[in-house]
Amino acid sequence: MSIVTPGYGQKKENTVSKDSVNDAFDIKNSSFLLPLPLPSGKYQHALAVYNVIVPKDWALDNIQAPFFNYSGKYTLPRGFNVQGNLSTLLISNRLALGPFWNYSIDHYHFGVGYQVVFDYGVLNQFGFKTKLTGWEQQPSLTAGYSFKKSALILRADMYYTNVLHLNEGGNVLTVSNGFTNGYSLTATLEERLWANRLFSFGVKVSHIKYHLVAWPAFPVNNYRYYVPEFQLGLKF
């Protein structure tokens, strides 16, 4: 009597080691924050929460306000892309859009950007009946270094205010003489969370005259204040 037992010699071909998939991951192919020249026609987007610490001189107390942010990026040829982001706190809204140019040498990455910003704020509670609209310009420089599964990014921004319109109960105050609101420096760690999803943690320090998140408490002097900010992001 002979016994026939089935063989599974080909089964290993259908079993892919998870470690081998993980080892093939390179953050340069998935990063949202690194200034990378990528193939054109690609869209990326991310969500973030910015925790802004409002100076005590503005609000008579140390207040932390979360600013919710959605960012999108569409790649163009020759290292260019267009980036836009919407930051909102319902009473404070900031929409930015503009082009960026990016260049990479091995693990080093560099970018130059320029965005036009529209500000909109409305507050009809707590005795206020106030609305704010304004336009800004925001040039920036970005540098980054990529490891296999993580990246470090450093970004510097300048904020130039073109015009502000403050409407209080029908009375409109216009600031039409443009001025430099200030500057900021942001350091961010971006790393893989799972699959191609990335998590980022950033610390931003701004030296500015005002921050949109606290526009109802705009300071009346001409000083600049240090405004720290902590950022948590998720790239889809």
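Protein chains only, probe 1.4 Å: how do ARG94, ARG155, ARG197 rank by accessible area, largest first?
Numbers: ARG94 35, ARG155 60, ARG197 85 Å².
The most accessible residue leads, giving ARG197, ARG155, ARG94.
Of (1) 34; (2) 18; (3) 27, which one was derived for percent of Cα pairs over 31 Å apart from the structure shown?
The value computed from this structure is option (1).
P(r) of the stretch 149-236 in 10 Å steps, Cα pairs, percent per bin?
15, 35, 25, 17, 7, 1
Rank these by accessible area, largest first, 1.4 Å probe: ASP26, ASP57.
Numbers: ASP26 35, ASP57 115 Å².
From most exposed to least exposed: ASP57, ASP26.
Enter the accessible area of GLU168 (Å², nearest 10), with the probe set to 1.4 Å and all protein chains included.
Approximately 100 Å² for this residue.
In square angstrom, rounded to the nearest 10, how much accessible surface does LYS28 have for a 1.4 Å probe?
Spelled out: LYS28, probe radius 1.4 Å, area about 60 Å².
Among PHE68, PHE179, what's the order by accessible area (1.4 angstrom probe), most exposed first? Can you show the working numbers first?
On the way: PHE68 105, PHE179 45 Å².
Largest accessible area first, the residues go PHE68, PHE179.
Any idea what diffusion coefficient the stretch 42-95 gets from Stokes-Einstein, in µm²/s, Kirkwood Rh on alpha carbon pairs, 37 °C, 0.692 mPa s?
Numbers: Rh = 13.0 Å.
Translational D for this selection: 252 µm²/s.
Taking only DSSP H segments of four or more residues, each worth -39500 (n - 2.57), what value at 222 nm results for the chain once the sum is divided by all its residues, to the nearest 500 deg cm²/dmol?
Counting only the DSSP helices, I get -1000 deg cm²/dmol.
The values are calculated or read from the model by the stated rules, or taken from the named source; none is laboratory data. Bear in mind that the values here come from a model prediction, so they are computed numbers and not experimental data. The area values use the complete protein model at the heavy-atom level, side chains included, leaving out ligands, DNA and RNA. Shrake-Rupley method; radii C 1.70, N 1.55, O 1.52, S 1.80 Å.
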